[in-house]
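Q: Mind having a look at this structure? Questions to follow.
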Amino acid sequence: KTTRRKLSRGNLSVEARLDLHGYNAAQAEIRLRAFINNSASFGYRCVLVITGKGVRGEGVLRRHVPVWLKQPPLGDVVLAISDATPKDGGSGAIYVLLRRARPSK
């Protein structure tokens, strides 16, 4: 609960950023998958995905990225998402909290 509150308030340090400006939906999904998987393998906890707002706040990526983050295969790695604070892009960006990597036995 405390970690989710920190995430939504922008109080977790962002360890990596991905800017999806200029990509179409298919390209953006490929880039997003690679970015999230790489970030998880590096042990990052909080990353920022910049989608942009689109025309009149109705951008394609702004709508699709949260859905992609919740569905498999990314849903297995992502613990929580939240709109970014204005200093990190506001509603045109998303904080992504990644699950901790558990040591394998």
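Q: Across the range 1-38, which residue is farthest from Gly52 (Cα to Cα) among those that are of a type in the set (Val, Ile, Thr) and without any contact (Cβ under 8 Å) to a residue 40 or more places away in the chain?
A: Here the residue is Thr2.
Q: If you check Gly52 against the conditions, is it in a helix (DSSP H, G or I), open to solvent by less than 30 Å² (accessible area, probe 1.4 Å) and over 14 Å from Leu12 (Cα atoms)?
A: Answer is no for this residue.
Q: Looking at this structure, is Lys70 touching a Ser or Thr at 6+ places or on another chain (Cβ under 7 Å), open to solvent by 20 Å² or more (accessible area, probe 1.4 Å) and farther than 16 Å from Ala26 by Cα?
A: Here the answer is no, as Lys70 does not meet what is asked.
Q: Go through the range 73-87 and give me each residue that's in a helix (DSSP H, G or I) and either within 13 Å of the chain's Cα centre (by Cα) or under 18 Å from Ile30 (Cβ atoms) (or both).
A: The answer is Leu74, Gly75, Asp76.
Q: From the list Asn24, Asn37, which one is under 12 Å from the mean Cα position of the chain (by Cα), polar (S, T, N, Q) and either open to solvent by 30 Å² or more (accessible area, probe 1.4 Å) or under 19 Å from Pro86 (Cβ atoms) (or both)?
A: Result: Asn37 is the single residue among Asn24, Asn37 that is under 12 Å from the mean Cα position of the chain (by Cα), polar (S, T, N, Q) and either open to solvent by 30 Å² or more (accessible area, probe 1.4 Å) or under 19 Å from Pro86 (Cβ atoms) (or both).
The values are calculated or read from the model by the stated rules, or taken from the named source; none is laboratory data. What you see is a predicted model, and the numbers here were worked out from it, not measured in a lab. Neighbour counts are summed over all protein chains in view; Cβ atoms, including those assigned to glycine, are modelled from backbone coordinates with ideal geometry. Heavy atoms of the whole protein, side chains included, go into the accessibility calculation; ligands, DNA and RNA do not. Shrake-Rupley method; radii C 1.70, N 1.55, O 1.52, S 1.80 Å.
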